[in-house]
Amino acid sequence: MESIQTPITVMKRYEWKYILSAAQTDAFVARLEGHMEPDAYGLTTIASLYYDTPDYRLIRESIEKPEFKEKIRLRAYGRATDRTPVYLELKRKAYGIVYKRRVQATVPEAEQFFSGTLNLDENGQIDREITYIRDYYHTLVPACMILYDRTAYCEPDGDLRLTIDRNPRYRVDAFRFDSDPVGKPLLQTGDTILELKVQDVIPLWLVQILSDLNIKRGSISKYGEAFRREHLLAI
């Protein structure tokens, strides 16, 4: 399995989330002109397969909102075959700061990794961290696939990044990355999820836009919401 030796393999940043109505989304995107622009990938369907213990230990602990939490997932941009790249990611949040580690793989390699028949490159720190998590939890199995249609925006000559996720949805079966990107909706029709990702602070011009449009910071975990719908609401 090959590690990607580029800046995106290690991320440390603050992340803030907001739920926007369709009208807020349209107005917000219009106000971004002159400040930020969509990245080169444009609108992209992203599929993230979350792994968890059979008793859902990771997500149960996460939704209790502890100071430290972690998730492990396999992510694909667009449909992925057994030969196209996917990304094995370890995401941790501690005291409001998000840390992400990831390595490139294929779906068969990732499946072998989680089954314990394939180890990562033991010479790489990122690989060792991800392998440690697998071994620490002993058994990690596919638990939930989250899908959404994302547009990412970047700030020229700055470190601010934001994403708008449309039609977030999930499924708890059919965990193939080459199948149709369908699932149960996570939000009301037309609502989107805005995520701000910064190394330091939100610029004043963006604070003003959020205030003008009455966009208030919220708290949503896509996997957490899917788990709540599938397991907690049925109790």
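List of remarks:
- Here Arg176 meets the list (1) part of a loop (DSSP other than H, G, I, E, B); (2) over 25 Å from Arg57 (Cβ atoms); (3) of a type in the set (D, E, K, R) almost entirely, failing just condition (2).
- Region 113-148, residues that are of a type in the set (A, V, I, L, M, F, W, C) and either without any contact (Cβ under 8 Å) to a residue 60 or more places away in the chain or not in a loop (DSSP other than H, G, I, E, B) (or both): Phe113, Phe114, Ile126, Ile130, Ile133, Val141, Ala143, Cys144, Met145, Ile146, Leu147
- Residue list for region 123-171, filter: under 25 Å from Asp52 (Cβ atoms) and of a type in the set (D, E, K, R): Asp127, Arg128, Glu129, Arg134, Asp135, Asp149, Arg150, Asp165, Arg169, Arg171
- Assessment of region 63-73 against the conditions (among the basic types (Lys, Arg) and assigned to a loop (DSSP other than H, G, I, E, B)) yields at least one matching residue.
- Filter pass, Val207 being surrounded by fewer than 17 Cβ atoms within 10 Å (Cβ to Cβ), of a type in the set (Val, Ile, Thr) and either out of contact with any Asp or Glu (no Cβ under 9 Å at 6 or more places or on another chain) or over 18 Å from Ser48 (Cα atoms) (or both): yes
- For region 176-199, residues that are within 18 Å of Glu225 (Cα to Cα) and not aliphatic (A, V, I, L, M) total 9.
- Within region 1-34, if we keep just the residues that are of a type in the set (Gly, Ala, Ser) and at pLDDT 70 or above, the residue that is surrounded by the fewest Cβ atoms within 10 Å (Cβ to Cβ) turns out to be Gly34.
- Within region 101-141, being touching a Ser or Thr at 6+ places or on another chain (Cβ under 9 Å) and among the hydroxyl-bearing types (Ser, Thr, Tyr) holds for Thr106, Tyr137, Thr139.
- Criterion: over 21 Å from Lys69 (Cβ atoms), over 15 Å from the mean Cα position of the chain (by Cα) and among the aliphatic types (A, V, I, L, M) - qualifying residue of Val172, Val182, Val198, Val141: Val182
- Residue satisfying all of: in region 80-99; charged (D, E, K, R) and more than 21 Å from Glu195 (Cβ to Cβ); surrounded by the most Cβ atoms within 10 Å (Cβ to Cβ) among these: Asp82
- Among the residues of region 48-57, some residue qualifies, meaning at least one is at pLDDT 95 or above, assigned to a loop (DSSP other than H, G, I, E, B), in contact with a helix residue (DSSP H, G or I) (Cβ under 6 Å, 6 or more places away or on another chain) and on the phi < 0 side of the Ramachandran plot.
- All of (1) more than 15 Å from Ala22 (Cα to Cα); (2) exposed (fewer than 12 other Cβ atoms within 10 Å of the Cβ); (3) hydroxyl-bearing (Ser, Thr, Tyr) hold for Thr189 with one exception: (1).
- Leading residue by the ranking (surrounded by the most Cβ atoms within 10 Å (Cβ to Cβ)) among those in region 210-235 that are at pLDDT below 95 and either of a type in the set (A, V, I, L, M) or in a strand (DSSP E or B) (or both): Ile220
The values are calculated or read from the model by the stated rules, or taken from the named source; none is laboratory data. Worth saying up front: this structure is predicted, and the values here are computed from it rather than measured. We place every Cβ from the backbone using ideal geometry, glycine too, and count neighbours over all the protein chains shown.
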